[in-house]
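A quick write-up on the structure given underneath.
The values are calculated or read from the model by the stated rules, or taken from the named source; none is laboratory data. None of the values given here were measured: they were computed from a predicted structure. Here the Cβ is made from the backbone with ideal geometry for all residues, glycine too, and neighbour counts use every protein chain on show. The protein model used for the area step is the full one, side chains on, heavy atoms only, and it has no ligands, DNA or RNA in it. Shrake-Rupley method; radii C 1.70, N 1.55, O 1.52, S 1.80 Å.
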Amino acid sequence: MHIYDSVKKQKLPFEPITPSKASIYVCGPTVYDDAHLGHARSSLSFDLLARILKALRYDVTMVKNFTDIDDKIIKKVQESKQSLEEITTYYIARYLEDMRALGVQESDIEPKATESLEAMESMIQALIDRDIAYVTDDGDVYFDVSKDEKYGSISKMVGDDEDNQSRVEHTSQKRNPKDFALWKACHGDEDICFDTNFSKGRPGWHIECSAMIEKHFTGNNQYSIDIHGGGADLLFPHHENEASQSRCATGHELAKYWMHNGFVNINGEKMSKSLGNSFFVKDALNIYDGEILRNYLISIHYRNDFNFNEEDLLNSKKRLDKLYRLKKRITPTKASKPNIAFQKAIMEAMGDDLNISVALATIEDMISATNDKFDENPKDKGLKKETLANIEFLDEILGIGGKEPFSYFQIGIDEDTKNKIELLIKQRDEAKKAKDYTASDAIRDKLTAMGIATMDTADGTVWEKI
RNA sequence: GGAGCCAUCGCCAAGUUGGUAAGGCCGUAGAUUGCAAAUCUGCUAUUCACCAGUUCGAGUCUGGUUGGCUCCUCCA
């Protein structure tokens, strides 16, 4: 297995800190709104990673957190009259529901920041004790960036502050503009506060992840975890800060490998609230089936930017259709063992930093070669069993092809319509038998108008929703 | 201002350590079909934004030009 380390900027062989085990921590969402396509892509990227590692027999521990204390959530609490817990519980459930629809396997641990406050407090306290963090008169706690000589090693953001025209607002209480908050003291009575030795307040964003990693992973004396993942936008400052505070608190590096997934753009524009083009997963799921969306979202390498548009989605759906048409040809049958060469080719592609393009090309190869053989001998039982095993293998590795093939082509069609379609097809078959092609073609036109395509096969007519 | 990424067929998109351009969509010709659809087969970039260099040899390395994009503020 090779993965691209976005800190070292090169593809490296995956050598876990503990042989045959893989510990992964992915920055999850801040739960104050529904999940958008960007969340989906991140989730899907690391879902693929976990699936491959599992198939390679690694004992994978996947942790994806929920940031459930945050200024944006607090703002929502103040606006909505709901409690923080009501809001976060709701959006966590919504997030999990959306990801499930996309076929994302559940993480082993899904920690919440609010459940890890003790770990945060002790980490902050350790940093204060070592004089790496300082408490201001207001009770805020800041991390003193100048105390960590390795600060900047993650993002390579070497900051000469004189020249830095960043738009960071400088707080007067900070010793250094680059210092970041570990703890924010609360000011009003309505604030959401937690009591600690240093002040009443709430944690900064960065410390949440560091603390949750220390809480859930043991690591070794060099690293806490193998892989730390997240969106490309988190590299700086979030991951830089995480790495720095963890390094200073634990004496070793946070992660051996860093992986970052690219963005999702909508029709060429970055998705953002200010542009008003956020595309929520739930809205996409209203239009497209989860598996079709998944197939589309994983079809482009996780590090590339993803330009979401309907044309490409339909294109990728056509590839999935072909897989399911093949599955129709072999149904019903029982799976035997997947073809070894096929399995190996897929694993090699995906083992190369999740090279999905090569994997998809391998699938196309398999599909056309198998169709070719079935054209010769439609009843090849051995091939049917192997093909089903191949497809089940794809379901395991990529999370596609797991549906019953006839229902796949009938997604979104209700029982009444289905019965109507099947009646028409029966009438058409009778007309065909009587060689009344004018009548049979008229029925086919009617079906086409309904958005239904028909296919005459040796075993009778089958139909698909176009 | 600072840091970094990208540019391959009409569209999407692969391309290990440089060795002579995967795959899909679309298009097109054919096999098959009552006709279609589905399926299969053939064709579809002498060329990788542009210029120069290194090399026996570069899409792949170096320098430059142009054009996109991201981060430096919450962000997946």
Among the residues of region A:217-242 satisfying the criterion of being over 22 Å from the mean Cα position of the chain (by Cα) and in contact (Cβ under 8 Å) with a residue 12 or more places away in the chain, which is nearest to A:Asp305 (Cα to Cα)? A:Asn241
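From the list A:Glu392, A:Glu364, A:Glu386, which one is in contact with a Lys or Arg (Cβ under 8 Å, 6 or more places away or on another chain), part of a helix (DSSP H, G or I) and either among the β-branched types (Val, Ile, Thr) or surrounded by fewer than 18 Cβ atoms within 10 Å (Cβ to Cβ) (or both)?
The match here is A:Glu364.
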Flagged pairs (Cβ under 8 angstrom, 6 or more apart or on separate chains; first in region A:425-452, at positive phi; second surrounded by fewer than 17 Cβ atoms within 10 Å (Cβ to Cβ) and of a type in the set (Phe, Trp, Tyr)) are none
Of A:Met259, A:Met212, the only residue that is within 15 Å of RNA strand B (Cβ to nearest atom), among the hydrophobic types (A, V, I, L, M, F, W, C), within 22 Å of the chain's Cα centre (by Cα) and not in a strand (DSSP E or B) is A:Met212
Complete set of residues in region A:192-209 that are open to solvent by less than 40 Å² (accessible area, probe 1.4 Å) and either closer than 15 Å to A:Thr114 by Cβ or within 16 Å of RNA strand B (Cβ to nearest atom) (or both): A:Ile192, A:Thr196, A:Gly201, A:Arg202, A:Pro203, A:Gly204, A:His206, A:Ile207, A:Glu208, A:Cys209
Can you confirm whether A:Asn220 is in a loop (DSSP other than H, G, I, E, B), open to solvent by 30 Å² or more (accessible area, probe 1.4 Å) and among the polar types (S, T, N, Q)? yes
Residue in region A:420-461 that is surrounded by the most Cβ atoms within 10 Å (Cβ to Cβ), counting only those that are more than 8 Å from RNA strand B (Cβ to nearest atom) and closer than 18 Å to A:Tyr324 by Cα: A:Ile452
When you check A:Tyr324 against the structure, is it in a helix (DSSP H, G or I) and either crowded, with 17+ Cβ neighbours inside 10 Å or more than 10 Å from RNA strand B (Cβ to nearest atom) (or both), yes or no? yes
Failed item in (1) open to solvent by 10 Å² or more (accessible area, probe 1.4 Å); (2) closer than 21 Å to A:Ile69 by Cβ; (3) modelled with pLDDT of 95 or more, with A:Met212 passing the rest: (1)
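Considering only residues that are of a type in the set (Val, Ile, Thr) and more than 16 Å from RNA strand B (Cβ to nearest atom), which ones fall in region A:215-246?
Scanning region A:215-246 gives A:Thr218, A:Ile225.
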What residue, of A:Lys446, A:Lys420, A:Lys426, A:Lys435, is assigned to a loop (DSSP other than H, G, I, E, B) and among the charged types (D, E, K, R)? A:Lys435
Test: residue in region A:112-124 that is under 23 Å from A:Val281 (Cβ atoms) and under 26 Å from the mean Cα position of the chain (by Cα): yes
Yes or no: region A:63-72 includes at least one residue that is open to solvent by less than 20 Å² (accessible area, probe 1.4 Å), in a strand (DSSP E or B) and not assigned by TED's automatic domain parsing to the domain that holds A:Lys256. no
Any residue at all in region A:109-128 that is within 12 Å of RNA strand B (Cβ to nearest atom) and within 22 Å of A:Glu291 (Cα to Cα)? no
